[in-house]
Structure formats: C-alpha cells, structure tokens
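Working notes for the structure below.
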Amino acid sequence: MYLYIFIYLVYIFYKSRTSLYMLQQNLYNENKRYLRWIERSRDRCFNVIDFLPFLLAIFVFLRQESFIMEIVYLSITFIYVKGIYDEYKKNLSNQNKIKFNITSRIKRLYITEFLIIGLLLFFLVLTNFSGIFLVLLSLTIAFTYYFIYLVSLINKPVEKIVYYYYFNKAKNKLKDMTRLKVIGVTGSYGKTTSKNILSHVLSCKYITRPTPKNLNTPYGLMITINNYLDKFDEILIAEMGAYVNGEIKNMCEFVRPKYGILTVIGEAHLETFKTRENICRAKFELIESLDSDGACVLNLDDPYQVNYVKNELKNKVKIIWIGVENQESDFNAININSNQFGTSFDILYQGEKYHVETKLLGVHNVYNILASIALGVELKVPIKDMISKVRTILPVEHRLEMKKVGNIMMIDDAYNSNPTGARNALDVLGMMPGIKVVVTPGMIELGESEKTLNYEFGTSISKVADYVILIGEKRCLDIKRGVIDGGFSDKKIIVLNRVSDAYQELEKIKSKNSDKEVYALFENDLPDIYSEGGK
C-alpha cells in the first residue's frame with residue numbers, strides 16, 4: 001500500500017504541473033478564463049481511466065476487508081503507473097509554445113496543493129488506509145484541473161497580500177520620480193508595436209522605459225516599475241490591455257498617465273466585451289483619465305473613436321488626430337508605397353511635407369508611426385530627428401516579421417490575430433512576388449461573431465493566396481468553408497493539426513515551384529490552451 005502513495009505522488013505531480021500551466025496561461029482564472037477553458041476542453045482535462053480508481057475507492061469504503069483493500073490498492077497503483085506513462089509520452093511529444101514559468105506564485109500554489117495532499121495522506125495512514133481518504137485522493141486525480149482551481153481559491157487571501165505589497169512598493173517609487181512623464185498606450189490591437197515605435201522615436205531626446213514585451217496588466221506594470229524603472233528614466237510608456245470594463249481605469253489610477261495613444265477599436269476579446277461599443281468605452285478609460293493639461297492621439301479614420309469623442313467623451317483633454325483616409329487629421333499620411341523591403345509615405349503636418357521610410361510592413365504601421373510622431377511633436381521632439389529614428393525601427397517579433405526559413409520567405413504574424421490585423425497581413429502578402437501561402441489556425445475570442453469573422457477571413461484568403469494550410473481540423477471549418485466559397489480549389493487546401501508540420505508542406509510547394517520565391521504568411525499561432533493536436 002505504501003507503493004500506492006509513492007506512485008500517487010508522482011502522478012499527481014505530473015497532472016498538477018499541466019493544470020498549473022493552463023491556469024497560468026489563462027491568467028489565473030481572471031474573468032473566469034480558466035473555468036471556461038476547462039468547459040470547452042473536457043476531452044483534455046478528463047481521462048476516463050482516472051475515474052476507475054475513484055469507483056474502486058468507493059468499493060473499499062463500502063467493504064473494509066483487508067484482502068479486498070490490498071487488491072484494490074494494487075489495482076489503483078497499476079492504473080496510475082499507466083497514467084504516468086501516458087503523461088510522460090504526452091509531455092515528450094508536446095513542445096509548449098510558451099514555457100511554464102515557475103514563478104513565486106506557482107511555488108505558493110504548489111506548496112498549498114501538497115499541504116492538502118500531505119494532510120490527506122497523513123490521515124490515510126493514520127486510519128490504516130481507510131476508504132474515505134482513498135476516495136478523496138482519487139478525486140484529486142480524476143478532477144485535477146478543478147482541484148488546482150480550488151487550491152487557487154484557497155490561496156486568494158495570500159495573493160492579495162502579495163499584490164498589495166508590490167503595488168504599494170511601485171506606487172511609492174512613482175511618487176519619488178516627480179519628473180517622470182507617463183504615457184499610456186491602448187487599443188484593440190497594435191499596442192505593443194505602437195509602444196515600441198514610440199519608445200524608439202522618443203529616445204532621440206528622452207530616456208524612455210517601455211513595459212517589456214506584452215506586459216499590459218496591473219501585474220505587468222508593477223513588474224516594470226519595481227524591476228525595470230530607473231531613477232534616470234524620463235518617460236514611462238505603459239501598455240494597457242483589458243478583458244472587461246474598468247481594468248484600464250484601474251491601471252490609470254495606479255500610474256497616472258498624462259499622455260495617451262489609442263490605436264484602433266476592433267473586435268478583439270468580443271467573448272468578454274460582447275460589443276464593440278463596450279470595447280470602445282473600455283479603451284477610452286485611458287483618454288478620460290488624462291488631465292486637461294495632457295494630450296492624446298486618436299485615429300480620425302476610426303468611426304468608433306470619432307463618434308465617442310462627439311457623443312460620450314467626459315473630459316477636455318487635448319486631442320491630436322492622425323489619419324490616412326481623412327485629410328482633416330492633424331497628421332495625415334499620403335503617398336503610401338509598400339513592397340517586400342518596407343514602406344514609404346509622406347506626412348502632411350501644418351502645411352509641410354515630410355518623407356518617411358521604414359522597414360515595417362503594412363498600413364497599420366503607418367498609423368503607429370504617425371501616432372508616435374504626433375505625440376513626439378507634442379513633447380517637443382524635432383520631427384526630422386524622429387523620422388531618422390523611424391528608418392532604424394525593426395519589426396517586433398512575430399508581428400509581420402519578414403525572415404528566411406529554409407527555402408521559404410516567412411512573413412511571421414503569429415503573435416495573435418484579429419479581423420483588422422488579418423486583413424492588413426493579407427494586404428502585405430498580396431504585395432509579394434511569387435507563390436503566396438497562408439498558414440493559419442484562425443482567430444479566437446471573438447464571441448458570437450467568431451464563426452462569421454473566420455468565414456469572412458477565409459473568403460479574403462481566397463482572393464490572395466495560391467495555397468492555404470489550415471491548422472486544426474475542427475477549429476478551421478469556417479475558414480475552410482469561406483476559402484472554398486471564395487472559389488478556391490480544394491486541392492490547394494491542406495489541413496494539419498500541428499503547425500510544425502506546415503514547414504514540410506511548404507518545402508513541397510517550393511519544390512513544385514522551384515523557379516519562384518514562396519512567401520508564407522503565418523497568421524496567428526494559437527496558445528497551447530487552444531491546441532487540437534499539440535505542436
């Protein structure tokens with residue numbers, strides 16, 4: 001029976017590690033993300049064979065004979081050995097796109113989990129391996145994902161204490177930096193790219209500190225301030241993301257931005273926001289948090305931003321309008337030209353024309369550059385100095401990043417995807433010479449519109465691509481239908497369950513078209529929580 005304890009501990013460690021990883025990927029169940037993921041991933045969360053020990057444990061509970069107990073414990077041990085082997089094989093074949101980060105929070109969850117398990121094992125031995133504790137231990141295996149959720153609930157008071165400790169530490173640090181200017185950047189998408197461009201162009205005059213990578217939550221801001229912000233920094237650029245209304249407002253109350261950039265209002269996170277109007281109100285929480293002596297950059301080509309300013313805006317902050325289509329904007333981009341090497345355009349500002357060249361691809365990056373230059377002018381940075389800096393901006397990793405992979409030219413837009421971003425990416429692909437291929441698993445978190453938007457994405461693909469590689473047979477049904485309805489040949493549609501297999505298919509396409517360059521747009525790469533067949 002003591003062999004059972006050892007095998008149980010090994011198995012629960014394996015299973016809970018996967019569960020904690022998924023909890024982490026789902027932002028520790030923020031806005032019930034983890035629970036929703038369990039509901040839609042039941043085939044991954046629950047293994048039928050794990051319920052057999054639970055039934056055997058009930059049998060022990062009802063029949064406490066020594067002989068029966070020994071047989072049941074041995075049977076459960078063998079079942080768990082099989083489970084360990086299956087978990088080991090699964091972990092061996094799956095290469096997670098984002099590594100499991102053993103943070104202090106994860107360590108605290110592990111400690112709580114094994115304190116509970118240790119207590120159950122203690123009473124199991126104390127009661128001479130009685131059935132009731134075997135039942136409880138069996139439940140932790142059968143419902144490991146829910147067990148980890150329970151552990152996270154138990155840890156909530158501790159996490160609040162930890163949160164407020166680091167929150168107050170960051171707050172006090174900001175109070176001491178009286179000369180620091182804070183700029184908030186938000187929008188449905190393009191936040192990280194816009195933040196990085198802004199930091200780059202302002203660096204010709206200021207010492208800037210952008211939030212690293214895509215750290216755009218209150219925790220991300222605290223990490224940036226406590227661990228990265230230096231006493232010599234002059235500007236903090238805070239990327240701000242949100243899944244529900246009120247989150248950006250809370251972040252603004254924390255860092256008190258004086259300036260803001262709102263990229264665009266789109267369909268991202270419709271699953272939680274429900275409507276674009278709700279998204280618009282959430283993003284404008286940044287703008288409405290700015291004092292009257294501050295300034296913000298808005299997009300005159302975005303009807304949601306224009307309508308909100310006309311009808312709902314609650315403060316009188318200075319607004320600087322940018323635009324491509326609308327010539328009434330304060331900063332207007334014209335003569336836009338793009339190819340596989342980059343983009344060039346002219347900026348009209350106060351009757352003057354300024355020529356801009358960049359290695360970045362896509363019209364959306366024209367908007368991002370316009371916004372950064374517009375705010376830079378407000379901060380007294382010479383416009384010609386900023387234009388010189390724009391020439392040296394490199395693409396953000398996995399955001400329309402052009403690179404050579406084997407014999408293929410890869411347009412890596414795999415970070416995430418949304419309807420507007422996908423259209424921009426297809427426009428970029430359409431400018432490329434040679435054979436054009438789209439590799440995609442589709443778009444997610446679009447609420448009730450997800451099927452329709454993926455279908456429309458498919459029809460758009462059919463107008464640009466020569467081949468389509470879809471990742472995830474079930475998830476891509478709507479895209480495939482859209483591609484076919486757009487007049488695309490079924491013979492040029494390849495469906496796979498792992499994105500890693502796409503490279504072999506691309507090499508096959510290249511061998512068939514050896515005299516032409518093959519450009520492959522990797523549009524989106526779903527997190528592991530959406531994977532159908534691993535990576």
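Every number here is computed from the coordinates shown, using simple stated rules; none is lab data. Not measured: the values here are computed from a predicted model. Methodologically, a virtual Cβ is constructed for each residue, glycine included, from the backbone with ideal geometry; neighbour enumeration extends over all protein chains shown.
For the chain, what relative contact order do you get, as a whole percent, if you take Cα pairs closer than 8 Å and at least 6 residues apart? Before the final figure, lay out each step's value.
Values: 902 pairs, mean separation 61.3, N = 535.
It comes to 11 percent, rounded to a whole number.
For the set Lys160/Lys258; Lys404/Lys508; Lys258/Lys380, the pairs lying more than 18 angstrom apart at their alpha carbons are Lys160/Lys258.
Between the stretch 109-165 and the stretch 229-253, the alpha-carbon centres lie 36 Å apart.
Near Asn214: Cβ cut-off under 13 Å, other residues only, Lys/Arg at +1 and Asp/Glu at -1. The net charge is +2. Against the chain, whose longest principal axis comes from its Cα atoms, helix 419-430 is set at around 70 degrees. Taken along the Cα-to-beta-carbon direction at a fixed 7 Å, the label points for Glu312 and Asn326 span 1.6 nm. Counting only Cβ charges, +1 for Lys and Arg and -1 for Asp and Glu, the dipole size of the stretch 171-390 around its Cα centre is about 700 debye. Measure out, as a whole number of angstrom, how far apart the alpha-carbon centroids of the stretch 470-496 and the stretch 1-72 sit. Computed from Cα coordinates, the inter-centre distance equals 37 Å. Can you work out the PRE-style zone for Lys353? Point 7 Å along Cα to Cβ, and I want the residues of the stretch 318-333 with backbone N under 19 Å. It comes to 323-333, nothing else.
Decide, for the stretch 414-478, between rounded, prolate and oblate: order the square roots of the alpha carbon gyration tensor eigenvalues as a ≥ b ≥ c, take rounded if a/c falls under 1.5, and otherwise choose prolate if a/b is larger than b/c, else oblate. Can you show the working numbers first?
Details: a/c = 1.96, a/b = 1.56, b/c = 1.25.
Note, shape of the stretch 414-478 comes out prolate.
Considering only Val185, Ile387, Val324, and ranking their Cα positions along the charge dipole of the stretch 171-390 that arises from unit charges at the beta-carbon of Lys, Arg, Asp and Glu, the one farthest toward the positive end is Val185. Take Cys204, project a point 7 Å from its Cα along the Cβ direction, then tell me which residues of the stretch 377-409 have their backbone nitrogen under 16 Å from it. Answer for the stretch 377-409: 377-394. Assuming a ≥ b ≥ c are the square roots of the Cα gyration tensor eigenvalues, decide whether the stretch 171-390 counts as rounded (a/c under 1.5), prolate (otherwise, with a/b larger than b/c) or oblate. Here the stretch 171-390 falls in the oblate category. The order of Asp478, Asp293, going from fewest to most other C-beta atoms within 10 Å of their C-beta, is Asp293, Asp478. A protection proxy built from the mean count of other Cβ atoms within 10 Å ranks the segments 205-216, 349-360, 240-251, most packed first, as 240-251, 205-216, 349-360. I need the calculated FRET efficiency for the pair Lys90 and Asp501, taking r as the beta carbon distance and R₀ as 22 Å, to the nearest 0.05. Once rounded, the FRET efficiency stands at 0.80. Each of Glu401, Glu448, Glu473 has some number of other Cβ atoms within 10 Å of its Cβ, and from fewest to most they run Glu448, Glu473, Glu401. Over 28 Å apart at the Cα level, from the set Lys231/Lys353; Lys191/Lys451; Lys89/Lys480, are Lys231/Lys353; Lys89/Lys480.
Among 143-150, 60-67, how do they line up by average Cβ neighbours within 10 Å per residue, starting with the highest? Before the final figure, lay out each step's value.
Values: 143-150: 20.0, 60-67: 12.0.
The densest-packed peptide leads the list: 143-150, 60-67.
The packing ranking, built from the mean of other Cβ atoms within 10 Å per residue, places the peptides 17-25, 509-517, 368-376, 434-442 in the order 368-376, 434-442, 17-25, 509-517, highest first. Mind running the shape call on the stretch 2-154? Use the C-alpha gyration tensor, a ≥ b ≥ c as the square roots of the eigenvalues: rounded below 1.5 for a/c, prolate if a/b tops b/c, oblate otherwise. Judged from the Cα gyration tensor, the stretch 2-154 comes out prolate (a/c at least 1.5, a/b above b/c). Panel order for Leu236, Leu229, Leu286, Leu119, by other beta carbons found within 10 Å of each beta carbon, from fewest to most: Leu119, Leu229, Leu236, Leu286.
Just subtract the alpha-carbon distance of Ile319 and Asp427 from 0.36 nm times their residue separation and send over the number in nm, one decimal.
Details: separation 108, 0.36 × 108 = 38.88 nm, distance 2.98 nm.
Between Ile319 and Asp427, full extension yields 35.9 nm more.
When only the Cβ of Lys, Arg, Asp and Glu is charged (+1, +1, -1, -1), the dipole of the chain relative to its Cα centre reaches about 1080 debye.
May I ask for the net charge around Arg481, where only other residues with Cβ less than 14 Å from the Cβ of Arg481 are counted and Lys, Arg are +1 while Asp, Glu are -1? Overall, the nearby charge balance is -2. For the chain, the average shadow cast by the Cα convex hull is 27.8 nm², which is a quarter of the hull's surface.
Taking K and R as +1 and D and E as -1, what net charge do the other residues with C-beta under 14 Å from the C-beta of Ile336 add up to? Show your work: numbers first, answer last.
Working: positive: Lys353; negative: Asp301, Glu325, Asp346, Glu357, Asp427.
Taking every other residue near Ile336 into account, the sum is -4.
Straightening the chain between Ile154 and Asp176 buys 4.4 nm, computed as 0.36 nm per residue apart minus the Cα-Cα spacing. Farthest towards the positive end of the charge dipole of the stretch 2-154, among the residues Phe51, Ser130, Tyr4, is the Cα of Phe51, using unit charges on the Cβ of Lys, Arg, Asp and Glu.
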